[in-house]
Amino acid sequence: MTLLDQFQLILKSQNWPDWAVYLVPALVGILIIISVVLTVVIVYIWWERRLISRFQIRLGPNRCGPEGIFQPIATAVKILLKEDIVPEKADKLIHFIAPITVFVPILLIFAVVPFGEGAILADLNVGIVYVVAISSISVIGIFMAAWASGNKYSFISGMRSIAQMVSYEIPVVLSIVGIALVAGSFSMLKIVEAQSIPFIILQPLGFLIFFLGSLAEMNRSPFDLLEADSEIVAGYHIEYSGMKFAMFYLGEYGVALAYAGIITTLFLSGWQGPLLPPVIWFLIKVMMVFSVIVWIRSTLPRFRVDQLTAFAWKFMLPLAVINLVLIAIEVLVIPTAMQWIMILVNFGFAAVLILLWSKLFTLGGGRVEV
Amino acid sequence: MPIKTESFYLNVGPQHPSTHGVFRLRLALDGEVVTDVEPIVGYLHRGIEKLAETRTYTQIIPLTDRLDYLASMTDNVAYCVAVEKLAGIKVPERAEYIRIIFSELMRISSHMMAVGFYLNDCGAFFTPVLYMWREREKIIDLFDMVCGQRLLYNYMRVGGVSQDLPDEFMPALKKFIDEMPRYIGEYNQLIKQNEIFLARSKGVGILPKETAINIGASGPVLRASGVKWDLRKMDPYSLYDRFDFDICTGEVGDCYDRYWVRMQEMTQSLRIIEQAMKQMPDKGPVRADVPQFFRPPAGEAYGYIEAPKGNLGFYIVSDGSIAPYRLHIFPPTLINITALRDMVIGWKVADLIIIFGSMDVVLGEIDR
């Protein structure tokens with residue numbers, strides 16, 4: 001029973017009309033989720049800027065408020081005051097809709113992210129499939145923005161976005177199936193409850209594939225080809241300014257938060273943890289995942305576009321398939337009480353496979369004869 | 001029915017984060033593959049050669065600072081070498097040593113900027129640049145201690161240097177020399193084995209040995225192609241014949257070799273500085289007796305040195321007055337980027353950026 005259901009029961013016992021019993025808890029829940037998400041996103045932006053500056057042996061923003069905590073607010077005010085520029089050659093309508101199309105699906109993802117025990121907006125029985133479905137909508141938004149801007153840099157970015165998303169969705173989904181096999185459900189709550197041992201220990205290879213795949217899905221380094229500022233300047237949002245740009249900016253961090261939440265739910269046993277309340281545990285784990293993402297961003301150079309797709313098809317897809325088959329056999333053969341065998345086997349397989357593939361596999365590509 | 005495709009044209013620059021200044025490239029693209037490229041220079045033209053004709057020989061030195069602004073010290077040296085050749089001035093020994101120490105420090109600093117920004121072009125989000133800046137800052141502090149400037153030094157003079165080293169300089173330099181190998185080791189540890197970095201730069205943008213010689217390339221770009229050519233060894237100017245150091249060469253001439261040659265040259269520069277510190281006379285004049293408005297005899301001279309980016313030369317024609325009749329600058333990077341078209345065709349846009357970055361261009365020198 002989720003918190004939302006309990007709220008509905010309370011209203012029903014107060015003899016509220018049926019439509020209100022249904023509508024009021026939903027609206028309250030949505031409001032809470034959106035405000036929490038946007039607040040956390042702002043903390044996120046601050047955290048990334050502070051953390052990345054530490055990796056880069058500098059101080060980072062430290063003037064607005066203690067430790068520069070109000071810097072994102074100052075940035076937001078600045079962005080709000082900027083002129084909204086629409087290029088003359090742009091497709092005006094699409095140019096206007098694109099930021100919304102990018103931002104809204106990201107908010108929708110949070111409907112199925114469990115922040116605590118029962119603290120979930122919609123406990124869908126296909127929760128994780130819903131996430132995969134919804135998150136691919138923002139790709140269309142990115143392509144719309146890229147195409148409608150009428151800019152050649154953003155055009156290249158749009159082409160890259162399609163190649164990237166098509167490639168990386170498949171290994172990500174395959175690694176999710178591995179989770180569902182062990183948990184016996186697609187529901188986010190059930191998946192968390194199934195993790196007496198976090199799935200990161202049970203399925204290290206699946207975690208690796210999902211983590212790398214989600215880095216590509218959220219356009220984070222080393223897969224940040226869409227906005228590669230040293231090549232195509234800012235990619236798809238090069239022609240955006242003001243609040244429309246802020247939508248992309250928020251969306252970028254929102255999707256990072258969403259994927260950090262999903263990784264926490266799927267692999268790091270969600271809200272579970274001793275002593276502290278569940279929500280705090282959840283946020284701590286999300287922050288840890290996000291810090292790793294920032295760490296990677298400050299460390300690694302970027303892939304080239306052909307290497308990016310080669311990495312997905314030649315490296316991640318075969319490993320994801322092998323991982324899936326392996327998990328399926330293990331679920332069939334090994335009894336639930338003997339999960340430690342599964343841990344040993346999976347770690348062994350992960351190490352052997354990664355070493356083997358790194359020898360077999362080449363990124364390929366190179367000079368094209370013209 | 002075959003799908004109709006057409007190539008499209010893209011302007012990279014003059015305002016672009018990775019053109020290292022105001023450089024413009026007109027690309028013809030087939031998808032992401034570069035099929036043609038036309039470099040367009042001249043956005044930073046300041047007419048330094050013409051300005052020099054209306055200034056005295058000493059007044060030209062600050063103008064040379066503005067050429068390769070990441071290696072102003074060596075620009076100064078190259079100009080002074082040319083004028084000294086023209087007028088037959090003998091530079092005091094201590095001044096020569098100071099020049100050598102400063103040239104090599106400048107080389108380390110310039111190579112660090114080149115490697116840092118090369119990695120930035122590869123997509124590493126500013127971290128390498130900021131790590132490189134940490135050490136470059138120390139070199140700049142050393143220069144600041146001597147001449148009070150941090151970017152455009154204006155330190156060299158015709159016949160020597162503008163002033164002697166302060167007392168605290170040598171201990172600070174010693175400290176830097178002792179620390180630096182550890183930091184170079186740290187850079188190698190962080191960069192050299194990185195799989196993505198190797199995948200991006202190995203075999204990319206190969207400049208064959210013959211092409212490099214034919215276009216007259218010089219500096220690390222030439223040496224990375226496997227040509228053992230360094231003016232410090234081949235035609236030792238100043239006192240470079242007194243030092244023991246190696247010429248670092250690459251094997252194939254790809255982006256990785258150009259990166260690695262630069263990293264090795266930093267170590268060699270440290271070796272030269274160490275030897276120079278030992279050999280340098282403790283006292284003595286640092287400037288030959290040259291009047292402020294001196295008039296070199298009518299004639300012409302070409303002075304050249306091995307600057308961080310290659311063979312930097314100054315050709316001066318004098319008519320016996322206080323200003324040169326004509327001054328021509330031979331800039332290494334302009335010559336080096338003439339190979340750009342052969343190197344980038346068939347590579348992708350992302351490769352174009354890093355090939356261009358690996359050439360280590362500074363627009364102040366290309367456009368003059």
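A compact table of results
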read-out	value
Odd one out for residue B:197, checked against (1) away from chain A (no Cβ under 13 Å); (2) in contact (Cβ under 8 Å) with a residue 60 or more places away in the chain; (3) out of contact with any Ser or Thr (no Cβ under 9 Å at 6 or more places or on another chain)	(1)
Scan of the range A:193-220 for residues that are among the β-branched types (Val, Ile, Thr), closer than 28 Å to residue A:252 by Cβ and surrounded by fewer than 23 Cβ atoms within 10 Å (Cβ to Cβ), ordered by number	A:200
Residue within the range A:160-169 that is surrounded by 23 or more Cβ atoms within 10 Å (Cβ to Cβ), in a helix (DSSP H, G or I) and within 12 Å of chain B (Cβ to nearest Cβ) present	yes
Any hit, the range A:160-173, residues being touching a residue at least 24 places away in the same chain (Cβ under 8 Å) and of a type in the set (D, E, K, R)	yes
Only one of B:46, B:107, B:136 that is modelled with pLDDT of 85 or more, within 30 Å of residue B:255 (Cβ to Cβ), surrounded by fewer than 22 Cβ atoms within 10 Å (Cβ to Cβ) and under 20 Å from the mean Cα position of the chain (by Cα)	B:136
Out of B:29, B:10, B:105, B:25, sole residue that is of a type in the set (A, V, I, L, M) and away from every other protein chain (no Cβ under 14 Å)	B:105
Complete set of residues in the range B:278-327 that are assigned to a loop (DSSP other than H, G, I, E, B), hydrophobic (A, V, I, L, M, F, W, C) and under 21 Å from residue B:47 (Cα atoms)	B:322, B:323
Leading residue by the ranking (farthest from residue B:349 (Cα to Cα)) among those in the range B:123-132 that are at pLDDT 85 or above and facing chain A (nearest Cβ under 9 Å)	B:131
Some residue of the range B:46-63 being at negative phi and touching a Ser or Thr at 6+ places or on another chain (Cβ under 6 Å)	no
Residues of the range B:301-322 that turn out to be more than 23 Å from residue B:73 (Cβ to Cβ) and surrounded by 15 or more Cβ atoms within 10 Å (Cβ to Cβ), as a count	3
Tally of residues being without any contact (Cβ under 8 Å) to a residue 40 or more places away in the chain and in a helix (DSSP H, G or I) across the range B:16-63	3
Pick from the range B:98-147, criterion of a type in the set (Gly, Ala, Ser) and part of a helix (DSSP H, G or I), ranking: farthest from residue B:238 (Cα to Cα)	B:116
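Conditions tested, residue by residue: (1) of a type outside the set (A, V, I, L, M); (2) farther than 29 Å from residue A:224 by Cα; (3) surrounded by fewer than 21 Cβ atoms within 10 Å (Cβ to Cβ).
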| residue | (1), (2), (3) |
| --- | --- |
| A:303 | yes, no, no |
| A:306 | yes, no, yes |
| A:311 | yes, no, no |
| A:318 | yes, no, yes |
| A:322 | no, no, yes |
| A:335 | yes, yes, yes |
| A:339 | yes, yes, yes |
| A:344 | no, yes, yes |
| A:348 | yes, yes, yes |
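The values are calculated or read from the model by the stated rules, or taken from the named source; none is laboratory data. No experiment lies behind these values; they were computed from the predicted model shown. Using ideal geometry, Cβ is built from the backbone for each residue, glycine included, and neighbour counts are taken over all protein chains shown.
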